[in-house]
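**Q** Attaching a single structure in structure tokens format; questions to follow.
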Amino acid sequence: MGVIEDLVQGFGKEVSKVQTRSQELMKAYNLSQEVRELERKKTAKLIEIGRLIYDKFEKQDPITDEILKERVKETVVIEQDIIQLQAELDSLKMQNDPSTPAYKKAEAKAGYTATPGFECPNCHAPANREKSFCPTCGEPLKHNSE
């Protein structure tokens with residue numbers, strides 16, 4: 001009976017792995033869909049801003065700079081949401097990529113995300129402005145971000 005029990009136990013472990021992987025793939029798919037939807041909203045906002053500017057200058061419509069600033073702020077919020085979701089999606093993909101180094105997987109699992117546009121002055125790897133040291137080379141970051 002030991003062989004059958006081992007076989008059933010091994011089969012159960014494999015089924016569990018498949019279930020976990022399918023949940024990860026579904027989460028990645030949902031994140032991708034959210035990013036696409038936000039990108040559509042961002043595009044619509046940018047088109048709206050362009051239309052408002054056109055109407056202001058070509059049709060002489062009374063569109064104030066405050067209205068334009070408000071639309072730009074809305075677009076920035078959408079862009080920030082896209083960046084956050086994309087970082088989460090990249091982290092999820094990185095955890096399942098066999099070519100990703102172990103330290104990168106550990107960062108992703110710990111929730112480490114780089115600040116968009118910020119990099120280590122020493123090795124130029126993406127870094128987080130709120131962290132003290134570069135995750136790649138260990139160079140101090142605080143003195144450069146302040």
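**Q** Just to confirm a number: summing +1 for Lys and Arg and -1 for Asp and Glu over residues other than L38 whose beta-carbon lies under 10 angstrom from that of L38, what do you get?
**A** Local charge sum for L38: -1.
**Q** Once fully extended, how much extra length lies between R21 and L7, figured as 0.36 nm per residue of separation less the alpha-carbon to alpha-carbon distance?
**A** Difference between extended and current length: 2.9 nm.
**Q** Amide H neighbours of E119 under 5 Å, at least 5 residues apart or on other chains, H built in the peptide plane: list them.
**A** Those qualifying (amide H under 5 Å, at least 5 residues apart or on another chain) are A127.
**Q** Between D90 and E14, what's the calculated FRET efficiency when r is the beta-carbon distance and R0 is 30 Å? Round to 0.05.
**A** In this case the efficiency is close to 0.60.
**Q** Check which residues have an amide H placed less than 5 Å from F133's amide H, if you skip close sequence neighbours.
**A** Correct list: L141.
**Q** Using amide H atoms built in the peptide plane, which far-off residues or other-chain residues are under 5 Å from I63 H to H?
**A** none
**Q** Can you sort T43, T136 so the residue with the fewest Cβ neighbours within 10 Å comes first?
**A** T43, T136
**Q** Let me check I've understood the local charge: for D65, count other residues with C-beta under 14 angstrom from its C-beta, Lys and Arg +1, Asp and Glu -1. What total comes out?
**A** Summing Lys and Arg as +1 and Asp and Glu as -1 gives 0.
**Q** So if we plug the beta-carbon distance of T115 and E70 into 1/(1 + (r/R0)^6) with R0 = 22 Å, what FRET efficiency do we get, rounded to 0.05?
**A** 0.30
**Q** Do you know the relative contact order of the range 2-100, to the nearest whole percent, from alpha carbon pairs under 8 angstrom that are 6+ apart?
**A** Relative contact order comes out at 37 percent.
**Q** Calculate one ³J(HN,Hα) per residue across the range 126-132 by plugging θ = phi - 60° into the Karplus curve 6.51 cos²θ - 1.76 cosθ + 1.60, and present them in order as whole Hz with x for glycine and proline.
**A** Karplus-based 3J(HN,Hα) across the range 126-132 equals x, 9, 9, 4, 7, 8, 7 Hz.
Quick note: the coordinates plus some simple rules give every number you see, no bench work behind them. Bear in mind the structure is a predicted one, so any value in this text is a computation, not a measurement. Positions of Cβ are backbone-derived with ideal geometry, glycine not excepted, and every protein chain shown enters the neighbour counts.
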